[in-house]
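The values are calculated or read from the model by the stated rules, or taken from the named source; none is laboratory data. What you see is a predicted model, and the numbers here were worked out from it, not measured in a lab. Here the Cβ positions follow ideal geometry from the backbone for every residue, glycine too, while neighbour counts run over all protein chains shown. Ligands, DNA and RNA are stripped out before the accessible areas are found, and what is left, the full protein with its side chains, is counted by its heavy atoms. Shrake-Rupley method; radii C 1.70, N 1.55, O 1.52, S 1.80 Å.
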Amino acid sequence: MTQPIIDLRDVQKFYGDYHALRGITATIGQGEFFSLLGPSGCGKTTLLRTIAGFEDLSSGTVLIGGQDMARVPANQRPTNMVFQSYAIFPHLSVAQNVGFGLRRAGLDKATLAARVEEALEMVGLSGYGKRSAHALSGGQRQRVALARALILKPKVLLLDEPLSALDKKLREQMQVELIRLQRLVGITFILVTHDQEEALVMSDRIAVMFDGQIAQLDDPETLYRRPKTHRVADFIGMMNFLPARILSEDGERATLEISGLGRTEFDLGTCPTATAGPDGTAVGLRPETLTLLFDGQTATGRQVIGTVEEVVYYGDMTYYDIRLPDGDQVVRVSMRNLFGRPVLEIGAPARLSWDPGALVLFR
Amino acid sequence: MKGIWLRVYAVLYLVFLYAPIILLPLFAFNDSTIIAFPLTGFTTNWFVELTKIEAMHAAVLNSLFIAITTAVFATLLGICAARANNRYRFPGQRGIMGMVMLPLVLPEIIVAVSLLVVLLQLGFSLGSWSVILGHVLICTPFSIAILNSAFQNLDRSLEEAAIDLGETPFSSFRLITLPLVMPGIISSMLISFTISLDEFIIAFFLTGNEPTLPVYLWAQLRFPQKLPVVLALGTLLVALSIILLTCAEFFRRRGVARAGKSDTGGFL
């Protein structure tokens, strides 16, 4: 991480009896693309609004650029926000919206117009200044909101679920644009989202939040590959959980009995281990680490024979639900639809290859 | 068959509602002091006569003063109540809002008599101000109802966005919220003005010796020969009311459209 720009120290927030933030401690770096990810009600938006200054802390400290924000009201903080609803002022033109924050800067007309045009150009809306805010599409509103927030050159840009109102295609396009924009301006972006895919795509680091606490704070790859708890693993991407028993444990190595897959060795030193969920010890396997073997292919790892129970065709991918030999467990497998490869039918036998090295142990 | 009866009912209903009002201009332009059919001829004399009655002019001015003052005060109170209701959550909120809206259904004569008793007991003299007091009381619920819908349609993030961009809470209210609810404010002022201008019972009890226009009108009904003049005045009042209410609704709808929301309710 680069030099820290935001320092959260044991941030607590109560709404009456409701404990919305339960001691958040985190440091966010200069120029970082940081995401707060979690299901609705986990406190991610509250945390963002706390940084913006719209919510008072119950206890704890928020430092921005080394300065304690306790007595700094929202309108004087070096942060700007893109609201979920975009909050475009409907009675003002695009240029008036974008230039709103410069009202108090005392710029002459020409300078102001130049700054506004510069900001609009940055978000790909040059020449839109004279339009009324009414006449904008969802994606354009989003861009105006971005330009309006960035024109003040804040130290931190806060984004509250900025893409949730857009349709899938536009959303994916805006994700790429936001990354590009963040590299361009080089300031810290803090994104609140409930969409784990979005967080994985865009972030340098992600804080996964549950129930007002940070469950795990890591870069996307670590988060995906080495989740720290059952709940994080379940929330990030898709994960097959299979109940398991530890038969023996000897320093670095353990022998596991995995329901449906049988007995295997597990390397405690290199393979990821995490805290178990309420159902006890289990192993986790991502769908892409499992492979179905077609005619003539041989297993690279271990092999079991199951039955195809469900087929979900996505065009580039097919998801198969495979019932494992002992009958109790079903795992999901994702297969790329390579040219010439058939799509299996429900009920067909399936040869499943899996790699013990790809396991995550929840204990 | 069902459709026909429904249509007959609708037509009868409208006749019942508007026939008396249509008679008003009819006889106001009729060339006779006797209010009866058949009509005898067209004249604008009664309207000319109107301009010559000094006591009536005083009543008109008095009414206008009361109506304008009432509109301003009722709307100010309405803005406060509507903003509080939409912006904050506080204990007893529903109950308090219910109480504030109650004068809408309270019999005006009760309000008038109670106010009269209270004011006299407190030693106030009657006059324009006591009428304004009563009118603000009955107009405020209308004002709240209109402004409530204006404030409801407002995205809360708008003010926060302005604060986020460096404005103080007050200046963001002035720059963002106020312009957006302005159509509602104008609509509220127009409706309060109209209600106050037409109101009789409260004015009758509280006006003292400076009659408002409706009170003056009522007093003139004792002189049958003046009836056509009264009808002429009534015609003007009805026309003014319709124009004002239409303007009010126009502004209310524009406000809803400006906030980019779908229409919910309103009086017209």
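List pairs: first in region B:88-108 and closer than 26 Å to residue B:159 by Cα and among the hydroxyl-bearing types (Ser, Thr, Tyr), second modelled with pLDDT under 85 and loosely packed, with under 10 Cβ neighbours inside 10 Å, Cβ under 7 Å, 6+ apart or cross-chain?
none
Output the helices (runs of 4 or more DSSP H) that fall wholly within region B:134-208 and possess 1 or more residues being of a type in the set (A, V, I, L, M, F, W, C), under 14 Å from the mean Cα position of the chain (by Cα) and under 24 Å from residue B:101 (Cβ atoms), or say none.
B:178-198, B:201-206
I want to confirm something. Restricting to region A:92-123 and keeping residues that are outside any helix (DSSP H, G or I) and more than 24 Å from residue A:142 (Cβ to Cβ), which single residue is farthest from the other protein chains (Cβ to nearest Cβ)?
A:108
Given (1) open to solvent by 40 Å² or more (accessible area, probe 1.4 Å); (2) farther than 19 Å from residue A:159 by Cα, identify the lone condition not met by residue A:13.
(1)
Here is a list: B:140, B:177. Which entry is of a type outside the set (A, V, I, L, M, F, W, C), more than 9 Å from chain A (Cβ to nearest Cβ) and closer than 17 Å to residue A:133 by Cα?
So the residue among B:140, B:177 that is of a type outside the set (A, V, I, L, M, F, W, C), more than 9 Å from chain A (Cβ to nearest Cβ) and closer than 17 Å to residue A:133 by Cα is B:177.
Conditions tested, residue by residue: (1) free of Cβ contacts under 8 Å to residues at least 60 places away in the same chain; (2) under 26 Å from residue A:323 (Cα atoms).
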{"site": "A:210", "(1), (2)": "no, no"}
{"site": "A:219", "(1), (2)": "yes, no"}
{"site": "A:222", "(1), (2)": "yes, no"}
{"site": "A:230", "(1), (2)": "no, yes"}
{"site": "A:263", "(1), (2)": "yes, yes"}
{"site": "A:277", "(1), (2)": "no, yes"}
{"site": "A:285", "(1), (2)": "no, yes"}
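State whether one or more residues within region B:198-210 are within 14 Å of chain A (Cβ to nearest Cβ), at pLDDT 90 or above and buried (at least 24 other Cβ atoms within 10 Å of the Cβ).
Within region B:198-210, not a single residue is within 14 Å of chain A (Cβ to nearest Cβ), at pLDDT 90 or above and buried (at least 24 other Cβ atoms within 10 Å of the Cβ).
Against the condition open to solvent by less than 40 Å² (accessible area, probe 1.4 Å), modelled with pLDDT of 95 or more and of a type outside the set (A, V, I, L, M), how does residue A:266 come out, does it pass?
When the stated conditions are applied, residue A:266 does not pass them.
Hey, any hits in region A:202-209 for a residue that's open to solvent by less than 40 Å² (accessible area, probe 1.4 Å), within 14 Å of chain B (Cβ to nearest Cβ) and in contact with a helix residue (DSSP H, G or I) (Cβ under 6 Å, 6 or more places away or on another chain)?
no
I'm told residue A:288 meets every condition in (1) part of a strand (DSSP E or B); (2) within 20 Å of residue A:235 (Cβ to Cβ) except one. Can you identify the failing condition by its number?
(1)
Could you please find all residues in region A:263-277 being within 27 Å of residue A:232 (Cβ to Cβ) and either in a strand (DSSP E or B) or within 24 Å of the chain's Cα centre (by Cα) (or both)?
Residues satisfying the conditions are A:264, A:265, A:266, A:267, A:271, A:272, A:273, A:274, A:275, A:276, A:277.
Hey, does region A:124-135 have a residue that's away from every other protein chain (no Cβ under 13 Å), of a type outside the set (Phe, Trp, Tyr) and closer than 24 Å to residue A:35 by Cβ?
Within region A:124-135, one or more residues are away from every other protein chain (no Cβ under 13 Å), of a type outside the set (Phe, Trp, Tyr) and closer than 24 Å to residue A:35 by Cβ.
Per-residue answers, yes or no, for (1) more than 14 Å from chain B (Cβ to nearest Cβ); (2) closer than 21 Å to residue A:206 by Cβ; (3) surrounded by fewer than 19 Cβ atoms within 10 Å (Cβ to Cβ):
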| site | (1), (2), (3) |
| --- | --- |
| A:137 | no, no, yes |
| A:147 | no, no, no |
| A:162 | no, yes, no |
| A:178 | yes, yes, no |
| A:183 | yes, yes, yes |
| A:188 | yes, yes, no |
| A:191 | yes, yes, no |
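For a quick check of your reading: which strands (runs of 3 or more DSSP E) sit entirely within region A:1-91 and have at least 3 residues that are more than 26 Å from residue B:169 (Cα to Cα)?
A:4-15, A:18-29, A:33-37
Can you pull out the residues in region A:110-129 that are more than 15 Å from residue A:185 (Cα to Cα) and not hydrophobic (A, V, I, L, M, F, W, C)?
Answer for region A:110-129, where residues must be more than 15 Å from residue A:185 (Cα to Cα) and not hydrophobic (A, V, I, L, M, F, W, C): A:111, A:117, A:126, A:127, A:128, A:129.
Looking only at region A:322-346, count how many residues are more than 19 Å from residue A:240 (Cα to Cα), surrounded by 11 or more Cβ atoms within 10 Å (Cβ to Cβ) and of a type outside the set (Val, Ile, Thr).
Looking only at that region, the number is 3.
Yes/no matrix, rows are residues, columns are (1) aromatic (Phe, Trp, Tyr); (2) within 27 Å of residue B:219 (Cβ to Cβ); (3) in contact with a Pro (Cβ under 7 Å, 6 or more places away or on another chain):
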{"residue": "B:7", "(1), (2), (3)": "no, no, no"}
{"residue": "B:15", "(1), (2), (3)": "no, no, no"}
{"residue": "B:25", "(1), (2), (3)": "no, yes, no"}
{"residue": "B:28", "(1), (2), (3)": "no, yes, yes"}
{"residue": "B:31", "(1), (2), (3)": "no, yes, no"}
{"residue": "B:87", "(1), (2), (3)": "no, no, no"}
{"residue": "B:90", "(1), (2), (3)": "yes, no, no"}
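Kindly indicate the residue of region A:298-321 that is without any contact (Cβ under 8 Å) to a residue 24 or more places away in the chain and either part of a helix (DSSP H, G or I) or not acidic (Asp, Glu) (or both) and also surrounded by the most Cβ atoms within 10 Å (Cβ to Cβ) among those meeting that condition.
That would be A:317.
Pairs only if they're at least six apart or on different chains, beta carbon under 6 angstrom, first in region A:65-83 and away from every other protein chain (no Cβ under 13 Å), second of a type outside the set (Phe, Trp, Tyr) and part of a loop (DSSP other than H, G, I, E, B); list them, first residue then second.
What qualifies is A:65/A:155.
Among the numbered criteria (1) open to solvent by 70 Å² or more (accessible area, probe 1.4 Å); (2) touching a strand residue (DSSP E or B) at 6+ places or on another chain (Cβ under 9 Å), which one does residue B:228 miss?
Exception for residue B:228: condition (1).
Please count how many residues of region B:152-174 are buried (at least 22 other Cβ atoms within 10 Å of the Cβ) and more than 14 Å from chain A (Cβ to nearest Cβ).
0
With A:89, A:54, A:34 as the choices, which residue is open to solvent by less than 10 Å² (accessible area, probe 1.4 Å) and within 14 Å of chain B (Cβ to nearest Cβ)?
So the residue among A:89, A:54, A:34 that is open to solvent by less than 10 Å² (accessible area, probe 1.4 Å) and within 14 Å of chain B (Cβ to nearest Cβ) is A:89.
Listed here are the residues, each with its yes/no results for (1) among the hydrophobic types (A, V, I, L, M, F, W, C); (2) open to solvent by 10 Å² or more (accessible area, probe 1.4 Å).
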residue: A:42; (1), (2): yes, no
residue: A:47; (1), (2): yes, no
residue: A:64; (1), (2): yes, no
residue: A:67; (1), (2): no, yes
residue: A:71; (1), (2): no, yes
residue: A:93; (1), (2): no, yes
residue: A:105; (1), (2): yes, yes
residue: A:113; (1), (2): yes, yes
residue: A:118; (1), (2): no, yes
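Would a scan of region A:231-244 turn up a residue that is under 25 Å from the mean Cα position of the chain (by Cα), surrounded by fewer than 16 Cβ atoms within 10 Å (Cβ to Cβ), acidic (Asp, Glu) and farther than 22 Å from residue A:334 by Cβ?
The answer is no, given that none of the residues of region A:231-244 is under 25 Å from the mean Cα position of the chain (by Cα), surrounded by fewer than 16 Cβ atoms within 10 Å (Cβ to Cβ), acidic (Asp, Glu) and farther than 22 Å from residue A:334 by Cβ.
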